[in-house]
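Novice: Okay, handing you the structure first.
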Amino acid sequence: MARDPEGTRQRILDAAFEEFAQHGLAGARVDRIVNGAGVNKRMLYHYFGSKEQLFHELLRSALDEMGQVQAPSAETYGDAMAYWTETLGKDSFWFRLVQWQALETEPGSVDDEAARREAWRPTIDRLRHRQERGEVDPDLDTEQLMLTGLATVFFPVAFPQLTRLLTGMDPSSDEFIQRRKQFLYELAEKLRPRADGGGES
């Protein structure tokens, strides 16, 4: 069989993604990863050095990819938030990696921080352009607005039990996702600058 280093590396990443999302860094087992990938431990250590380095590589790749993704046909800010609500509601595994990072690494610790901040820059710039077009209130701090938007779509996935207690719905259910999307469209409308400049009569 011909050697396929890129294919082998990707199989390890795919198997590690599910393992880390379910068990975190501390709970993940190399044996399960290599069995899932159909390789031996030597190959994992050859490509990634250690379980810890594999976790950080997987997390970096997932977060950088998310920062560069644009919601298809996201003509409005509401469209963008609705897209991410549906995407996360149906597939929250990558987000669970972010949660494990928060739980298992030092507070404020970010690998390759400068490069990863730069990877998020286009996403922040797109939001700033929405503000410049008058789609979102330009007086709002762009970085804080980005953080608030992320928190808004992430919260139901991060805290499914609390979401169920407050709404009576599973955040991955079609009913919840549709109701949440409708709310986010309404919220996006509230963030538009008022034609009268916001003053009261």
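Novice: Over the heavy atoms of Glu104, what accessible area does a 1.4 Å probe trace out, to the nearest 10 Å²?
Specialist: Approximately 60 Å² of Glu104 is accessible to the 1.4 Å probe.
Novice: Tell me which aspartates and glutamates have Cα within less than 19 Å of Lys190's Cα, excluding those fewer than 8 residues away on the same chain?
Specialist: Qualifying aspartates and glutamates at Cα under 19 Å: Glu75, Asp79, Glu132, Glu135, Asp137, Asp139, Asp141, Glu143, Glu200.
Novice: Let me ask something else. How much of the accessible area of the chain, in percent, comes from carbon and sulfur atoms when a 1.4 Å probe is used?
Specialist: 51
Novice: In Å², and per residue, what accessible area does the chain have when probed at 1.4 Å with the other protein chains present?
Specialist: About 61 Å² of surface per residue is accessible.
Novice: Separate question: Using just the C-alpha positions of segment 1-47 as equal point scatterers, what log10 of I(q)/I(0) does the Debye formula give at each q in 0.21 1/Å?
Specialist: The Cα Debye sum returns log10 ratios of -0.64.
Novice: If packing is taken as the mean number of other Cβ atoms within 10 Å per residue, what is the order of 78-88, 124-134, highest first? The partial results should precede the final answer.
Specialist: On the way: 78-88: 20.5, 124-134: 14.4.
The packing order, highest mean first, is 78-88, 124-134.
Novice: Can you tell me how segment 110-200 classifies by the Cα gyration tensor, rounded, prolate or oblate, using a/c under 1.5 as the rounded cut?
Specialist: Cα axes put segment 110-200 in the oblate bin.
The values are calculated or read from the model by the stated rules, or taken from the named source; none is laboratory data. Since the structure is predicted, the reported quantities are computational estimates derived from the model, not experimental observations. Methodologically, a virtual Cβ is constructed for each residue, glycine included, from the backbone with ideal geometry; neighbour enumeration extends over all protein chains shown. Side chains are part of the model used for accessible areas, which takes the heavy atoms of the whole protein and leaves out ligands, DNA and RNA. Shrake-Rupley method; radii C 1.70, N 1.55, O 1.52, S 1.80 Å.
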